[in-house]
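Below is one structure, written out as structure tokens; the observations come after it.
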Amino acid sequence: MAKIIVLGAGIGGMTAAYELRAGLGGDHAITVVGDGPGFSFTPSNPWVGVGWRKRDDVVLEVKPCLARKKIEFVGEPATEIRAAQNVLVTRSGKEMAYDYLVICTGPKLAFDEIPGLAPDQHSHSICTTPHAEATWNAYQEFVKNPGPVVIGAAPGTSCFGPAYEFATIIETDLRKRKIRDRVPITYVTPEPYVGHMGLGGVGDSKGLIESEFRQRHIKWICNAKVVEVTATEVVVNELDGKGQLLQEHRIPSAFSMVMPAFKGVDAVAAVEGLCNPRGFVLIDKHQRSPKYHNIFSAGVCVAIPPVETTPVPTGAPKTGYMIESMVGAIVHNIVSEIAGKPADQVATWNAICLADMGDTGAAFVALPQIPPRNVTWAKVGKWVHLAKVAFEKYFMNKMKTGNTDPIYEKYVLKALGIERLKNTPKP
């Protein structure tokens, strides 16, 4: 009997655990180790930040959901991985042996890299649901005495979607409250142009986002290096195409939300030879550590080099379907190895993104996510807003029931040519 530990109870970890159980049957032990008792649907956090969702709408208790699939859950974070001994240690000192370890931790938020950026200082956050709840509390006070807003991303950020969503969702909410005319909004980003997203753009994402921002009277500053956030302003150095200082901006702000750069979590980053200098897990094409062949990894914690060099550093995002693609490869490869066969599956890293904009939205498809691509597609429309609402409900139900390969993904996406694996196994 193999012992498999999945580290992380987010989108990647929960999906991996359910799919491992489906692929292996009941003869092997699967344990999920998570930081706390809940699964949170993080794509809904921009809505939580303006009060359009409450915690109970986007969080569910993990243990009973996993128990229905005979998957054990340990609701405390890992503090150490003894990779040479195949042992994981949790915060209470519990030592857990494994045959395979699947790392899906998500990131450590590098707020400390910019003075004043942390949510307990001068900037708000939607990176976690508790952060988004705190942002909602602050936003309720802000609308009583509105002023300038700054939304954006710090140097090295790889997750731009939530920043774009939050900027347009706040703009929509302010219009509904009929106080939009009292709130100048500025979007600051390390991207060389809006719509770059750390991917070199997707279709005409540049034109689509610029048009949307102009329509909404949102100003933007690109090649922006955020250097400090204070209680009254955001200090930004705008660089030219050669990375030289073009202009310093001191942007007045009564309410700021700047996405931080990411790093690997401490317990993972500390393992010798497992990670790059930022603490992201190094993997081969089969999602496996080149040094520790029984350790696999998927999601935001995986090391992916930037798509291209930009004047201000940007990272490559790991979107939801891309993460599920990684998980699909991991599951097939572990199942194969336990059966005595070689690990041979490779994730497509295809990407589907539904970005809500309050009363409309933008949809992006990149096959694969990292260029050059076979398919690149981007559209804006009210249907995207409705599609994201539907997807939230669909995915929460998917996590409750453990049905990780429903008809929608099995047939609809396949009909559109969107596959998880490069060599999809035949049923």
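The values are calculated or read from the model by the stated rules, or taken from the named source; none is laboratory data. Predicted model, so just to flag it, every value in this text is computed and none were measured. Note that each Cβ is placed from the backbone with ideal geometry, even for glycine, and that neighbours are counted across all protein chains shown. Ligands, DNA and RNA are stripped out before the accessible areas are found, and what is left, the full protein with its side chains, is counted by its heavy atoms. Shrake-Rupley method; radii C 1.70, N 1.55, O 1.52, S 1.80 Å.
Highest mean packing first, where packing is the average number of other Cβ atoms within 10 Å per residue, the peptides 202-215, 13-26 line up as 13-26, 202-215. Could you check how many percent of all C-alpha pairs in the stretch 142-231 are farther apart than 18 Å? Summing the P(r) tail past 18 Å for the stretch 142-231 gives 43 percent. Per 5 Å bin from zero, what fraction in whole % of the C-alpha pairs of the stretch 287-415 is there, up to the bin with the longest pair? Each 5 Å bin holds this share of Cα pairs: 2, 9, 14, 19, 20, 17, 11, 5, 3, 1, 0.
Annotation: amide H of residue 280 within the under-5 Å range of 264, sequence separation 5 or more or interchain, hydrogens built in the peptide plane. Model label points for residue 276 and residue 144, set 7 angstrom from Cα along the Cα-to-Cβ axis, are 4.6 nm apart. The alpha-carbon positions of the stretch 56-138 define a convex hull whose volume is 142 Å³ per residue. In the calculated pair-distance distribution of the stretch 274-335, the portion above 19 angstrom amounts to 32 percent of the Cα-Cα pairs.
Where the alpha-carbon atoms of the stretch 244-302 are placed on the principal axes, they occupy 51, 28, 21 Å, in descending order. To the nearest ten degrees, helix 11-24 and the longest principal axis of the Cα atoms of the chain are 20 degrees apart. Using a cut-off of 32 Å between Cα atoms, the listed pairs 291/318; 291/393; 69/94 include 291/393 as exceeding that distance.
Between residue 219 and residue 390, the distance separating the two model label sites (each 7 Å from Cα on the Cα→Cβ line) works out to 4.0 nm.
When shorter helices are ignored and each DSSP H run of at least 4 residues is given -39500 (n - 2.57), the per-residue value for the chain at 222 nm works out to -8000 deg cm²/dmol.
Remark on the stretch 113-269: Rg and Dmax equal 15.1, 47 Å (Cα only). Its convex hull of Cα atoms gives the stretch 178-241 a direction-averaged projected area, equal to a quarter of the hull surface, of 5.4 nm².
Dimensions of the stretch 1-51 from C-alpha coordinates, computed as largest minus smallest value along each principal axis and given longest first, are 48, 19, 12 Å. For the chain, the dipole from Cβ point charges (+1 on Lys and Arg, -1 on Asp and Glu) about the Cα centre works out to 980 debye, to the nearest 20.
The long axis of helix 320-338 is offset from the longest Cα principal axis of the chain by roughly 10 degrees. Rg/Rh, computed from the Cα trace of the stretch 203-285 with Rh as the Kirkwood radius, has the value 1.11. Taking the 1.4 Å solvent-accessible surface of the chain as the whole, the part contributed by carbon and sulfur is 53%. Among 297, 289, 125, the residue with the largest mean-square fluctuation in a Gaussian network model of the chain, with springs joining Cα atoms closer than 10 Å, is 289.
Lysine pair count for the stretch 119-273 with Cα-Cα distance under 29 Å and sequence separation of 8 or more or different chains is 15. For the chain, the longest principal axis of the Cα atoms and the long axis of helix 129-142 meet at an angle of about 10 degrees.
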